[in-house]
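Structure record follows, encoded as structure tokens.
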Amino acid sequence: MLLVFDIGNSNIVLGTYEGKKLLRHWRISTDRQKTGDEYGMLINNLFRFQGIRMSDVTAIIISSVVPPLVVPLAKMCERYFRLRPLIVGPGIKTGIKLKYENPREIGADRIVNSVGAYEQFGGPLIVVDIGTATTFDIVAENGDYLGGVIAPGIGISSEALFQRAAQLPRVALVTPRTIICRNTVNAMQAGVIFGFVGQIDEIVRRIKAEMKQDMRVIATGGMAKMISRESKTIDKVDNFLTLTGLRVLYERNQPEAKTP
């Protein structure tokens, strides 16, 4: 059984695979203060609830955009699973060409998403990850990673309104029924959500114009489903895109694997 970790700024998503089948998945809060032992106990409890033994896991792969958590999680894997994890980073075989000025600057999650999307849908693609930051990654028809766009995330923007404007409250991110709102909470929800829909649709439009071709748009991330309902450009939502990409990367880095 393969255990995959996607360590994001807000959440850690983990899942277990048997071959290509995703068996279980969980989402927990990212806590930079937690020790490896605390994460080990938490994961052990999640496993026990689902009837999984830690000894069932035979391999682990980790992708992280939170550098301080890589070492504690790696040590946790060695102590509790007795396995050395594969870390997504420099030197890993991706199977795609990274056409970036400095490939080391690319977030691990962006590489993983691009690999997972191309594996499932082919190219050309625009992969939109709606998380703490909103990222747009462009994958060519042959699978090459061409670059992308990074914008502030919807959660960051909503929280900034609350933190920096004294009279504005913290609001739940739900879609209001109308764009013209008659109370402050709905007005903030409309501005944040419809503003982000407009941002995504405009950036996608500009990418397609620059590429001079139509491209399939795949969205992932915690807010993807809600935003996709309002967007005119998102073609498909895949909540497990990053987990799929981690599985594919693990397979490509086995001794017997052939790079496509």
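Test each condition in (1) touching a Lys or Arg at 6+ places or on another chain (Cβ under 6 Å); (2) under 29 Å from residue 127 (Cα atoms) for residue 190 and report the one that comes out false.
Condition (1) is where residue 190 drops out.
Can you tell which of 152, 169 is of a type outside the set (A, V, I, L, M, F, W, C) and more than 21 Å from the chain's Cα centre (by Cα)? Quick ask: steps written out before the conclusion?
Numbers: 152 fails: more than 21 Å from the chain's Cα centre (by Cα).
Of 152, 169, the one residue that is of a type outside the set (A, V, I, L, M, F, W, C) and more than 21 Å from the chain's Cα centre (by Cα) is 169.
For segment 70-99, give me the residue count where each residue is in a loop (DSSP other than H, G, I, E, B), touching a residue at least 40 places away in the same chain (Cβ under 8 Å) and in contact with a strand residue (DSSP E or B) (Cβ under 6 Å, 6 or more places away or on another chain).
Going through segment 70-99 one residue at a time, the tally reaches 4.
So which of 154, 106 ends up being hydrophobic (A, V, I, L, M, F, W, C), over 18 Å from residue 223 (Cβ atoms), out of contact with any Gly (no Cβ under 8 Å at 6 or more places or on another chain) and modelled with pLDDT under 95?
Sole residue among the options that is hydrophobic (A, V, I, L, M, F, W, C), over 18 Å from residue 223 (Cβ atoms), out of contact with any Gly (no Cβ under 8 Å at 6 or more places or on another chain) and modelled with pLDDT under 95: 106.
Would you mind finding the one in 55, 64 that is closer than 19 Å to residue 17 by Cβ and without any contact (Cβ under 8 Å) to a residue 40 or more places away in the chain?
Matching residue, one of 55, 64: 55.
Of the residues 197, 248, which single one is buried (at least 19 other Cβ atoms within 10 Å of the Cβ), farther than 27 Å from residue 173 by Cα and not basic (Lys, Arg)?
Going through 197, 248 in turn, just one is buried (at least 19 other Cβ atoms within 10 Å of the Cβ), farther than 27 Å from residue 173 by Cα and not basic (Lys, Arg): 248.
Suppose we keep only residues that are polar (S, T, N, Q) and farther than 21 Å from residue 70 by Cβ within segment 97-144. Which one would you say is surrounded by the fewest Cβ atoms within 10 Å (Cβ to Cβ)?
Here the residue is 142.
Of all residues in segment 79-96 being surrounded by fewer than 14 Cβ atoms within 10 Å (Cβ to Cβ) and over 20 Å from the mean Cα position of the chain (by Cα), which is farthest from residue 250 (Cα to Cα)?
Checked segment 79-96; the qualifying residue farthest from residue 250 (Cα to Cα) is 79.
Looking at segment 226-238, can you tell me whether even one residue there is touching a helix residue (DSSP H, G or I) at 6+ places or on another chain (Cβ under 8 Å), closer than 26 Å to residue 4 by Cα and in a loop (DSSP other than H, G, I, E, B)?
Checking segment 226-238: at least one residue is touching a helix residue (DSSP H, G or I) at 6+ places or on another chain (Cβ under 8 Å), closer than 26 Å to residue 4 by Cα and in a loop (DSSP other than H, G, I, E, B).
Go through segment 207-242 and give me each residue that's farther than 23 Å from residue 175 by Cα and of a type in the set (A, V, I, L, M).
207, 209, 211, 215, 241
Quick grid of which residues meet (1) under 19 Å from the mean Cα position of the chain (by Cα); (2) more than 15 Å from residue 155 (Cα to Cα); (3) touching a residue at least 24 places away in the same chain (Cβ under 8 Å):
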site	(1), (2), (3)
179	no, yes, no
182	no, yes, no
192	no, no, yes
205	no, yes, yes
213	no, yes, yes
228	yes, yes, no
232	no, yes, yes
252	no, yes, yes
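So residue 75 fits all but one of (1) surrounded by 14 or more Cβ atoms within 10 Å (Cβ to Cβ); (2) within 20 Å of the chain's Cα centre (by Cα); (3) basic (Lys, Arg); what number is the exception?
(2)
Which count do you get for residues in segment 1-27 that are touching a residue at least 60 places away in the same chain (Cβ under 8 Å), over 15 Å from residue 54 (Cβ atoms), aliphatic (A, V, I, L, M) and touching an Asp or Glu at 6+ places or on another chain (Cβ under 9 Å)?
Counting residues in segment 1-27 that are touching a residue at least 60 places away in the same chain (Cβ under 8 Å), over 15 Å from residue 54 (Cβ atoms), aliphatic (A, V, I, L, M) and touching an Asp or Glu at 6+ places or on another chain (Cβ under 9 Å) gives 2.
How many residues, within segment 25-53, are of a type outside the set (Asp, Glu), within 16 Å of residue 75 (Cα to Cα) and not in a loop (DSSP other than H, G, I, E, B)?
7
Quick one: in segment 147-191, which of the residues that are under 14 Å from residue 224 (Cα atoms) and out of contact with any strand residue (DSSP E or B) (no Cβ under 9 Å at 6 or more places or on another chain) is surrounded by the most Cβ atoms within 10 Å (Cβ to Cβ)?
Among them, the one singled out is 155.
The values are calculated or read from the model by the stated rules, or taken from the named source; none is laboratory data. No experiment lies behind these values; they were computed from the predicted model shown. FYI the Cβ positions are ideal-geometry reconstructions off the backbone, even for glycines, and counts take in every protein chain you see.
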